[in-house]
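Laboratory data are not the source of any read-out in this text; all were calculated from the coordinates shown. It should be emphasised that the depicted structure is a prediction, and the values quoted were computed from it without experimental measurement. Here the Cβ positions follow ideal geometry from the backbone for every residue, glycine too, while neighbour counts run over all protein chains shown.
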Amino acid sequence: MGIKTKITVSFLSLLFISALFIVSFSYIKSQTELTKAVDVGNISIAKTVAAKINLINQREFKMLVSVTNMPLMKDENVDLREKWEFARKINRKIHFVLCDSCAFLIRETKLF
């Protein structure tokens, strides 16, 4: 093998190794940056959804407290079935899920 062939092979090897290093570095760097960007996006979405759920829960809890503080609900002489039917009528009008929770809070009216 001549000197010209050795120089050509060495040059091509050096070129291949350089390209391999650049590609590997670029791949690792882009993978890291993409992972960070996706994590930040997911956390942002999760915080937004959590805030919306919290707002909905606060509204529903306020409505529940309002319903359980009504005189009909606090009256111990009124049958639990009548209270449930009253809460169910309200539920149909405002589309909240009050019925089961209301029955629980009615039993605990001394807390309110």
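Between Arg88 and Val49, the FRET efficiency from the beta-carbon distance, with R0 = 25 Å, is close to 0.30.
Note on Asn57 and Val23: with the Förster distance fixed at 35 Å, the Cβ-Cβ geometry gives a FRET efficiency of about 0.10. With the highest mean first, a sort of the peptides 77-85, 65-73 on other beta-carbon atoms found within 10 angstrom per residue produces 65-73, 77-85.
Between Asp79 and Val40, the distance separating the two model label sites (each 7 Å from Cα on the Cα→Cβ line) works out to 6.2 nm.
The orientation-averaged projected area of the convex hull spanned by the Cα atoms of the range 8-98 comes to 9.4 nm². Cβ-Cβ distance of Lys4 and Glu33, R₀ of 35 Å, FRET efficiency by 1/(1 + (r/R0)^6): the value works out to about 0.20.
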